[in-house]
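Asker: I'd like to ask some things about the structure below.
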Amino acid sequence: MLEARALVKAYAAPGGAPIRALDGVTLRVPGGALAVVLGASGSGKSTLLNVLGLLEDADGGEVTLGGERVSALRRSAKSRARGRYIGFVFQSFLLLPSLTALDNVVLAARYVGRSGPETRRRARELLEELGVAERREHYPPQLSGGEQQRVAFCRAVLNDPPLLLADEPTGNLDDANAHVIAGALRRRAAAGGAVVVVTHRPEAFVPATAVFRIENGRLEGYPLKKEVAP
């Protein structure tokens, strides 16, 4: 489903050589796979997700989604490709405070030109699956952090994207809510989706198909047991 080849991304550094946030990163995540990416702050992991998600352009290399070379598309075409291929789960939730939980979920469909009773029915079903159906008419400031992340997950999967990108999806959650979100992401992969998770809590995502560590812009694979051993 997802293939990235030789990705390079550099940022200017005051008074010095450019910093390579991505330095030849190659990654392949097929449908049905859950890939976990570990890395310290500044290692390049958020840049990697942004490039994979077509939010930033790489300086070199290419990204292919569903067999389509999307990194070469124009900006408007990239926006359409994001709507077709990708769902995002963010650590900070990014819910609109002026919309109810239900309307925040439905918003994902509106971005791709879909709406109507069937979309709202599906949104309610997802909220039910994640255990927050009774909070659907509440606004984000009225929800706990765990409830907001559950709503954000529902928004991310409403359009049934083949690729799900999650940036520290359990970082702001207690253990109980982290378990719910991690389980939902694992089930997404088990159902055939490709899932990439950047996290400091790899133990929440056992079992995973593959675990990687990114350091100084370079990505390396590690056995999962090595990463979660005490």
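The values are calculated or read from the model by the stated rules, or taken from the named source; none is laboratory data. Since the model is a prediction, treat every value here as computed from it, not as a measurement. Cβ coordinates were reconstructed from backbone atoms using ideal geometry, including for glycine residues, and neighbour counts include every protein chain displayed. Surface accessibility is based on the protein's heavy atoms, side chains included, excluding ligands, DNA and RNA. Shrake-Rupley method; radii C 1.70, N 1.55, O 1.52, S 1.80 Å.
Asker: Residues that are of a type outside the set (Phe, Trp, Tyr) and either within 27 Å of GLY83 (Cβ to Cβ) or modelled with pLDDT under 85 (or both): list the strands (runs of 3 or more DSSP E) wholly contained in the stretch 159-230 that include at least 3 such residues.
Answerer: Those strands (runs of 3 or more DSSP E) span 163-167, 194-198.
Asker: Moving to a separate point now. Could we say that THR119 is part of a strand (DSSP E or B) and either touching a residue at least 40 places away in the same chain (Cβ under 8 Å) or not aliphatic (A, V, I, L, M) (or both) here?
Answerer: no
Asker: Starting from residues that are open to solvent by 50 Å² or more (accessible area, probe 1.4 Å) and under 21 Å from ALA204 (Cα atoms), keep the ones in the stretch 121-173 and report whichever is nearest to the chain's Cα centre (by Cα).
Answerer: Of everything passing the filter in the stretch 121-173, ASN172 is nearest to the chain's Cα centre (by Cα).
Asker: So in the stretch 23-68, with the set limited to residues that are more than 15 Å from ARG218 (Cα to Cα) and touching an Asp or Glu at 6+ places or on another chain (Cβ under 6 Å), which one is most open to solvent (accessible area, probe 1.4 Å)?
Answerer: Filtering first and then ranking leaves ASN50.
Asker: Let me confirm something: among GLY217, GLY193, which residue is in contact with an Asp or Glu (Cβ under 6 Å, 6 or more places away or on another chain) and buried (at least 22 other Cβ atoms within 10 Å of the Cβ)?
Answerer: Checking each option against the conditions leaves just GLY217.
Asker: Follow-up question, since we're still on this one. If you take just the strands (runs of 3 or more DSSP E) that sit entirely in the stretch 19-84, which of them hold at least 3 residues that are touching a Phe, Trp or Tyr at 6+ places or on another chain (Cβ under 9 Å) and in contact (Cβ under 8 Å) with a residue 60 or more places away in the chain?
Answerer: Of the strands (runs of 3 or more DSSP E) lying wholly inside the stretch 19-84, those with at least 3 residues that are touching a Phe, Trp or Tyr at 6+ places or on another chain (Cβ under 9 Å) and in contact (Cβ under 8 Å) with a residue 60 or more places away in the chain span 19-29, 34-38.
Asker: Taking into account only those residues within the stretch 11-22 that are at pLDDT 90 or above and open to solvent by less than 40 Å² (accessible area, probe 1.4 Å), which is farthest from THR64 (Cα to Cα)?
Answerer: Among residues in the stretch 11-22 that are at pLDDT 90 or above and open to solvent by less than 40 Å² (accessible area, probe 1.4 Å), the one farthest from THR64 (Cα to Cα) is ALA21.
Asker: Among the residues of the stretch 85-112, which ones are crowded, with 20+ Cβ neighbours inside 10 Å and of a type in the set (A, V, I, L, M)?
Answerer: If the condition is that a residue be crowded, with 20+ Cβ neighbours inside 10 Å and of a type in the set (A, V, I, L, M), then ILE86, VAL89, LEU95, ALA101, LEU102, VAL105, VAL106, ALA108, ALA109 are the ones that fit.
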